[in-house]
Every structure is written in C-alpha cells, then in structure tokens.
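Inspection log for the structure reproduced underneath, given as structure tokens.
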Amino acid sequence: MEQIPELKSIYVVDDDPFMSQIIQVALTELDNFKVTIFPDGASFFEELKVSQPQLVMLDDVLPGISGRDIALRLRDDPATCHIPFIFSTSHDSAEDLKIFAEIGCAGVIPKPWDLRKVPQSIRQIWASSFSK
C-alpha cells in the first residue's frame, strides 16, 4: 500500500473574499495547512508556473474560467494531472456530483461549511485520493 504523504500545501480558488478569509483561517489555525488564495483562474494558473500545491480546492462559480474548467485543465495537463482537486461549492445536487466525479474530482465539501469539520474532511479526501 502506498504511503500517504503529509498534506501541507493547499491552493484555494474562490472569488468571495469573505469566504476565502474564513477558509484560510480555518485551515491554517485549526490544522496548520499552508493555504494560498486565488480570486480567479488566471492568477491561479500564473502561480502554477512557479509553484504547485499538493491539493487544490475550487469554487465552481468563478469570474472568467469556471471551477469545472480549471479542473479539466488540471486533469488534462501532464504537468498538473497528479494534483488532486476538490470542490467547495453549494452546487451539490446529484447531477453536479456526477459531473464532478466524471472530471476526476477527489471530493466535494458542500457550502455552507462546518468549519470545525473542514480540515478533517480535507484530510479524508486527501487520503482517499491515494487509494484510487
């Protein structure tokens, strides 16, 4: 069985400054993750040229390029296809979840969040991404 590396680095792509601040505080204060926030896909992809995270957390509805399109680009690029991604979204209908699974999403954390549970949910999704 493959050893699961410790999760330390998460990139969050979310255009809502309030939600971004909340998730950053929750993940850094509650579980000591290194979290970098991006308000849109353009800034996210620019940073990927320089540095890559271990995990990406995407909002689905973003200005410019959608979270789903970001996920597809991650999945289809040989330089980034190894990076697991999750969605943090209020779009969690059965149809949305089916689409997320089809594009290779490692998991979904529905909004609104229970901030006490988000770090644990992320760790569970992280661990399960190694058993696939």
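The values are calculated or read from the model by the stated rules, or taken from the named source; none is laboratory data. Here the structure is a predicted model, which means the values were calculated and not measured. With ideal geometry, Cβ positions are generated from the backbone for all residues, glycine too; neighbour counts draw on all protein chains shown.
When the residues of the range 93-132 are narrowed to those that are of a type in the set (D, E, K, R) and under 15 Å from the mean Cα position of the chain (by Cα), which ends up farthest from Ile22 (Cα to Cα)? The selected residue is Arg123. Taken together, the residues in the range 16-39 that are part of a loop (DSSP other than H, G, I, E, B) and buried (at least 16 other Cβ atoms within 10 Å of the Cβ) amount to 2. Among the residues of the range 102-122, those that are farther than 20 Å from Glu6 by Cα, among the charged types (D, E, K, R) and surrounded by fewer than 16 Cβ atoms within 10 Å (Cβ to Cβ) comprise Glu102, Asp114. Please verify whether His82 is without any contact (Cβ under 8 Å) to a residue 60 or more places away in the chain and either β-branched (Val, Ile, Thr) or surrounded by 13 or more Cβ atoms within 10 Å (Cβ to Cβ) (or both), treating the condition exactly as stated. Judged against the criteria, His82 is not a match. Answer yes or no as to whether Asp69 is of a type in the set (Asp, Glu) and more than 14 Å from Ile10 (Cα to Cα). Here the answer is yes, as Asp69 does meet what is asked. Filtering Asp114, Asp60 for residues that are part of a loop (DSSP other than H, G, I, E, B), at pLDDT 90 or above and among the charged types (D, E, K, R) leaves a single hit, Asp60. Within the range 96-114, residues that are within 14 Å of Gly67 (Cβ to Cβ) reach partners that are hydroxyl-bearing (Ser, Thr, Tyr) and in a helix (DSSP H, G or I) with beta carbons closer than 6 Å, at six or more positions or on different chains, in the pairs Ile109/Ser121.
Each residue in the range 89-111 was checked for being under 17 Å from Phe33 (Cβ atoms) and either in a loop (DSSP other than H, G, I, E, B) or β-branched (Val, Ile, Thr) (or both), and 2 pass.
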